[in-house]
1. Taking the Cα centre of the chain as origin, sum charge times position over the Cβ atoms of Lys and Arg (+1) and Asp and Glu (-1), and report the length of that vector in debye to the nearest 20.
2. With the cut-off at 1.5 for a/c, could you classify the chain from its C-alpha gyration tensor as rounded, prolate or oblate?
3. Starting at the first residue of the stretch 114-126, write each ³J(HN,Hα) from the Karplus equation 6.51 cos²θ - 1.76 cosθ + 1.60 with θ = phi - 60°, in whole Hz, x for Gly and Pro.
4. Show which lysines lie in cross-link reach of K166 when reach means a straight Cα distance below 16 angstrom and same-chain residues fewer than eight apart are skipped.
5. Pop out the ³J(HN,Hα) list for the stretch 380-387 in order, Karplus 6.51 cos²θ - 1.76 cosθ + 1.60 with θ = phi - 60°, rounded to Hz; leave Gly and Pro as x.
6. Which log10 I(q)/I(0) values, to two decimals, does the stretch 1-128 give at q = 0.11, 0.14, 0.16 Å⁻¹ under the Debye formula with one point per Cα?
7. When a footprinting reagent is the concern and you count Cβ atoms within 10 Å, what order do Y204, Y287 take, fewest first?
8. When the Cα centres of the stretch 63-122 and the stretch 159-185 are compared, how far apart do they sit, in Å?
Amino acid sequence: MGGFPILSVIIFFPIIAGIGLTLFNRSKETAIKSAALVISLLNFLFTLQMLNHFDKTTSSMQFVERRSWIPAMDINYFVGIDGISVLMIMLSALITILCILISWYAIHDKIKEFYVGLLLVEGAMIGVFCSLDLFVFYIFWEAMLIPMFLLIGVWGGANRRYAAIKFFLYTLVGSVLMLVGIILLYEFTGTFDLLKLMSINLPYKLQLVLFWAFFAAFAVKVPMFPLHTWLPDAHTEAPTAGSVLLAAILIKMGAYGFLRFSLPICPAASIAMTPIMLVLSVIAIIYGGLICLIQTDIKRLIAYSSVSHMGFVTLGIFALNTQGVEGGLLQMINHGIITGALFLCIGLIYERTHTRQIKDYGGLAKFTPVYAGIFLVFTFAAIGLPGTNGFVGEFLVILGGFKANRPAGIMAATGIIIGAAYMLWLYLKVFFAVPNEALSVHKDLSKRELLTLLPLLFLVFYVGLYPNSILSYMHQSVSDLLIHINMNDDTQAMSLLHRFYSIF
């Protein structure tokens, strides 16, 4: 792009513009909302321009920007993207637009601060996906935590303070352990540069220590079993926009961290720890699904479904084969689309009823047929119906899981059956059960609400019918990542891995 700093623009434009929103008169609520929407739309156009110039034929980092920041410690502002990160940036920009639209009439207090928070979160999220310097990555990782904590704690539900503090503490503890790992890595190598670190063959024991230090932060964010308990509370109490951001983008950062840092920096340790990661992933898939079957709160049910679906993502990543890793990466995108859409749908009906209890609903298909039809599409996508985006991702993950370890693949496949059970049960109860006469819902989707859901509805079918349009971006990067891991394996690591698999 002729040296144009497109990544810096995409990262800092929403941050600077969001800070600029603080200059608006608090009483000009429509102007504040409109300005936030325009800012997010412009940033999405910037990401489209970036995508238009993206080269799918190389795994090299693109649109690279490097500026010396703290020379004494070799800390640089170093950003760039490849096929692993480019689509997450696109999704982040799109989801921010939808969060602004869904909040148009849902947020009534401190409106200016709310939209400033949304834009700050957007910039920090994109910064995470662009960072190639571990120090810069950590700055963006922590910067995202503060506005998200406020979105939950200020604009959330009745137990918002408890949920916000729990989210903050879980994330902070994991992040501190990751910081210890980053410092240890710097002490040994003298650099924070990811590309340099990938070229260094670290001692196996150091790799193990680093793997678990990074695991502390990434597993909490995913969240992996048993570090998942903050997620249902945060989802349940967060405002709709907060729930959508958590589901669609923030929990993907943990999986992205495994792909971007754990696997390439600690390849031998990643291979050795694969059995543990596969076991934890399978537990998350089955446990998360079973817990969904007993939920009474519609938002909490979708929150626990995220634990199960993200289990598929980590299973695919640590299958360490092409089908698994590409399936896990695709499922990151798909889960963002589907679960983000489900939380949008729940927010829309909550604005009308002010209840999240499943038992309070019933017969909505009769009074809101358009809403019922759209919710049905997202339900089918969530259970992986062929023709929807959910099918392609889950198929690749299970295929990769079978190739890596057959029992893991078989047990993961049962998660699809459990997922179908709780999602179809939810749909039956909400839309076709005996109508609740005390709950009067006769208003179908407005044009604004329909406009909010249409982009995700389009992506469900587009990715489902033309999956290679998405997979083509990641082929080269995933292939080279797996080559790098296999080139840097370790005899001790492979021995542990073969010993585990011989049990089966």
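No value in this document is a laboratory result; all are computed from the given coordinates. In this text, all values refer to a predicted model and were calculated from it rather than measured experimentally. Here Cβ is always computed from backbone atoms with ideal geometry, including for glycine, and neighbour counts include all displayed protein chains.
1. Numbers: 29 positive and 25 negative charges, 178 e Å.
Roughly 860 debye, rounded to the nearest 20.
2. Numbers: a/c = 1.75, a/b = 1.25, b/c = 1.40.
Because a/c hits 1.5 or more and a/b fails to exceed b/c, the chain counts as oblate.
3. 4, 6, 4, x, 4, 5, 5, 4, 4, x, 5, 4, 5
4. Within the straight-line cut-off, K166 pairs with K221.
5. Taking θ as phi minus 60°, the curve returns 4, 5, 5, 8, x, 5, x, x Hz for the stretch 380-387.
6. Debye output, listed in q order: -0.43, -0.65, -0.80.
7. On the way: Y204 15, Y287 19.
The most exposed by this proxy come first: Y204, Y287.
8. So the separation of the two Cα centres works out to 20 Å.
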